[in-house]
Amino acid sequence: MPQKHPGFCFHMLVLLIFVTTVQYSRAQSNPTLDSLLNILPQAKNDSNKVWLLFDIGEEIEKVHPQKAKSYYNEALALSKKIGYQRGHYIYAADYFYILNSEGQYDSALLVNQQVLDMALQEDNPRRTATILGNMATTLTYKGDYQLAAEHFIRALPYVEKSGDLVLEARFNVLLMCLYWYMKQYDKAVSYGEKAVAFFGDKPQSYNYANALMNLSNCYMNQKPPRYELALEGFYRVLPVFRDLQVRNSEVSTLINLADCLYQTGHYEDAESYSLQALDLAKELYLVKNINNASLRLGYCALRKNEFERAGTYFNESLILMQEKNMRHEEKHCLAALVDLAYARNDYEAVNFYEHDLDSLSNELLNESIQEALVEMEVKYESEKKAIKIQALEKEKKLSLWLSAALTLILFLALILLMFRHRLIKNQKSLAEQEVKRLQQEKQLVAVQATLEGETAERSRLARDLHDGLGGMLSVVKLNLNDMKTGAYIEQQDVKQFDKAISLLDDSIRELRRVAHHMMPESLLRYGLKTALNDFVGDHPKLQFHYFGNEQRIDSNLEILIYRCAQELANNALRHAQAEHINLQIIQEYDRISLTVQDDGKGFDVHNTPKGMGLNNINNRVLSFQGKMNLYSSPAAGTEIHIEFQLNSEQ
């Protein structure tokens with residue numbers, strides 16, 4: 001069977017250590033979700049209700065992580081209300097895991113940074129080490145291995161100070177995973193074997209199963225691979241995960257076991273375990289695992305020359321990866337289709353899929369280059385000072401060499417010319433950047449002037465409506481009441497007269513409501529938090545949470561964020577058929593974000609064009625150098641995240 005690409009290896013690591021670490025001493029009972037929801041309405045607002053909300057969120061998270069967020073946020077709000085400090089730590093542990101699974105690594109780091117400050121103030125070494133471990137986990141997923149290692153090193157003194165041997169063993173697991181991602185498999189094995197030896201006295205525990213599973217992955221990647229040890233480990237941990245009902249880990253173990261069996265030539269067993277993994281991954285809707293299991297099944301079918309079945313698996317996986325915009329996984333699917341085309345001697349298909357594969361590879365390469373360029377721009381300012389120091393040292397050396405020997409004058413003059421050329425080039429580049437910055441500022445001033453004009457016009461209209469037309473209607477009402485008192489009205493006209501006065505009252509109230517919504521007085525006087533609390537108070541389906549400092553920011557930015565929140569909430573009420581809508585603002589010293597979540601009908605963000613309202617919001621956000629992200633799928637609700645960077649003036 002001619003193959004250009006070998007079958008891919010789908011090794012899955014499970015970095016879930018510290019998510020369970022921060023769960024402290026939760027009750028051992030495991031009631032069903034229905035029974036937990038039945039208890040909730042009667043629960044008092046105390047720490048027991050906080051635990052209940054977290055338990056409900058964790059049960060829902062198994063099948064629908066997005067809906068679990070609302071229960072976690074409610075638990076955090078109650079913890080703040082009753083001053084329950086531990087609730088903050090549990091929230092960070094549960095919520096950061098969802099953010100990691102969604103790829104929102106910066107948000108996950110922010111959540112953990114907030115509780116890290118609390119743990120440092122409490123001088124609690126165990127909690128501090130645990131949170132630093134969680135942050136290192138996120139950085140490992142993000143691919144920033146150097147910064148992840150720095151967090152591990154920073155956490156080690158707290159681990160030693162805590163005297164917690166279990167925590168130390170868990171750090172060995174995380175270090176194993178970090179070295180696995182860095183492809184230093186021998187180091188990874190050394191840390192993994194230490195962790196497995198420590199947890200070995202409880203072979204039915206999650207800690208042991210998780211450590212052994214990751215260690216088995218490391219065995220598979222060593223050179224030469226140690227497949228026998230890997231298979232032994234996978235067979236041992238699979239029933240443990242099933243008994244503990246840790247279904248994500250069960251799926252990962254099935255995929256790894258199937259891969260190990262495939263690599264050792266046990267194709268029938270590999271296919272059997274891949275089928276189990278695919279069924280469970282579809283049930284949990286773990287998209288990446290669906291792809292891995294489907295590709296492995298396709299290669300098993302390819303081994304049997306069952307080309308149609310292999311093509312079905314490969315094409316279904318390709319379509320799913322394209323829908324989810326998972327481009328690295330899409331690349332694996334295209335490579336698999338190339339293998340299938342070679343096996344069928346269909347060279348027209350080979351050319352077709354290789355063209356798509358090469359195009360996608362080039363796109364991914366260009367994206368990585370762009371990311372590298374962005375990183376270089378970020379480092380530019382810090383490196384500029386070092387370049388200046390280096391330049392001064394070169395000039396000093398140049399002077400010394402010129403005074404030392406005439407024979408080096410020409411050579412040193414050449415170096416000086418080269419340096420001057422580089423300096424001029426740098427100055428030209430800086431001038432171009434300054435022109436670009438000024439153009440952006442000019443555009444921003446124009447947009448902000450438009451927004452300020454709109455705000456002023458809204459304020460004028462609201463004032464005219466309230467003071468002008470509202471006053472006139474009030475005078476009309478007083479005159480009508482005087483007429484009713486001083487004039488004789490037929491009995492049959494009294495009801496019509498009273499109805500007219502009632503309609504006039506309704507008109508006055510509606511006019512005041514419209515004037516208030518055009519430019520809320522509370523927004524101008526007290527800021528975003530008070531204004532949005534007033535807005536949410538008029539709608540029973542809305543909830544609002546505010547995190548971080550409450551320092552006032554630029555008034556134009558406050559008005560923009562308020563208008564965005566107002567329009568997004570109204571859109572959800574009108575179009576999404578949502579029962580619960582959650583508005584959340586997080587304000588740090590250098591940035592502020594708005595998140596609007598609903599449990600409505602949702603939509604396919606890839607196939608449904610944005611409406612005029614969303615485009616207008618996005619354009620206004622961009623005018624303030626902000627960014628907007630939209631997450632939604634049919635029947636799964638919608639989440640819109642807007643974020644702005646704050647400078648010292650704002």
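The values are calculated or read from the model by the stated rules, or taken from the named source; none is laboratory data. The model shown is predicted, which means the values in this text are computed figures rather than measured ones. Glycine also receives a Cβ, built like all others from the backbone with ideal geometry; neighbour counts cover every protein chain displayed. These area figures cover heavy atoms from the full protein model, side chains too; ligands, DNA and RNA do not enter into them. Shrake-Rupley method; radii C 1.70, N 1.55, O 1.52, S 1.80 Å.
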Q) Tell me, what ³J(HN,Hα) does each residue in the stretch 105-118 have, in order and in whole Hz, if you take phi through Karplus 6.51 cos²θ - 1.76 cosθ + 1.60 with θ = phi - 60° and put x for Gly and Pro? A) 5, 5, 5, 4, 5, 5, 4, 6, 4, 4, 6, 4, 4, 5
Q: With a 1.4 Å probe and every protein chain left in place, tell me how much accessible area residue 387 has, in Å² to the nearest 10.
A: 90 Å²
Q | Loop sites in the stretch 52-105: GluC sites (Glu not before Pro), DSSP, at most 15 other Cβ within 10 Å | A | 102
Q) How much accessible surface area, in Å² rounded to 10, belongs to the heavy atoms of residue 178 with a 1.4 Å probe? A) 10 Å²
**Q.** Span from the the stretch 116-147 Cα centroid across to the the stretch 594-645 one, whole angstrom
**A.** 31 Å
Q: Give the calculated FRET efficiency between residue 32 and residue 387 to the nearest 0.05, with a Förster radius of 60 Å applied to their Cβ-Cβ distance.
A: 0.40
Q. Using a 1.4 Å probe, how large is the accessible area of residue 502, given in Å² and rounded to the nearest 10?
A. 60 Å²
Q.
Quick check: at a probe of 1.4 Å, how many percent of the accessible area of the stretch 202-359 sits on carbon and sulfur atoms?
A. 49 percent
Q.
If the reach is capped at under 19 angstrom between alpha carbons, list the aspartates and glutamates near residue 499, excluding any in the same chain fewer than eight residues apart.
A. 482, 490, 510
Q: Give the long-range amide H neighbours of residue 544: residues separated by 5 or more places, or on another chain, with amide H under 5 Å away, using H modelled in the peptide plane at 1.01 Å from N.
A: 583
Q: Determine the per residue accessible area of the stretch 33-185 with all protein chains present and a 1.4 angstrom probe, expressed in square angstrom.
A: 43 Å²
Q: Any chance you could check the Cα centroid distance between the stretch 161-224 and the stretch 385-438 for me, in angstrom?
A: 51 Å
Q. What order do 96, 352 take when sorted by accessible area (1.4 Å probe), most exposed first?
A. 352, 96
Q | Where 422, 170 fall by accessible area, highest first, once all protein chains stay in place (1.4 Å) | A | 422, 170
Q | Listed pairs 62/601; 67/183; 62/187; 324/627; 62/331; 62/288 exceeding 25 Å between Cα atoms | A | 67/183; 62/187; 62/331
Q) Taking θ as phi - 60°, what are the ³J(HN,Hα) couplings along the stretch 33-45 by the Karplus curve (6.51, -1.76, 1.60), each to the nearest whole Hz, with x for Gly and Pro? A) 4, 4, 5, 5, 5, 5, 6, 4, x, 8, 5, 7, 7
Q. How much of the accessible area of the stretch 116-173, in percent, comes from carbon and sulfur atoms when a 1.4 Å probe is used?
A. 51 percent
**Q.** Where the stretch 278-375 is the region considered: accessible area per residue in Å², 1.4 Å probe
**A.** 51 Å²
Q | Anisotropy class of the stretch 58-167 from Cα gyration tensor, a/c 1.5 cut | A | oblate
Q. In the stretch 547-595, what chymotrypsin sites (Phe, Trp or Tyr not before Pro) fall in a loop by DSSP, with at most 11 other Cβ atoms inside 10 Å?
A. 589
Q | Accessible surface ranking that places the most exposed of 586, 389 first, with a 1.4 angstrom probe | A | 389, 586
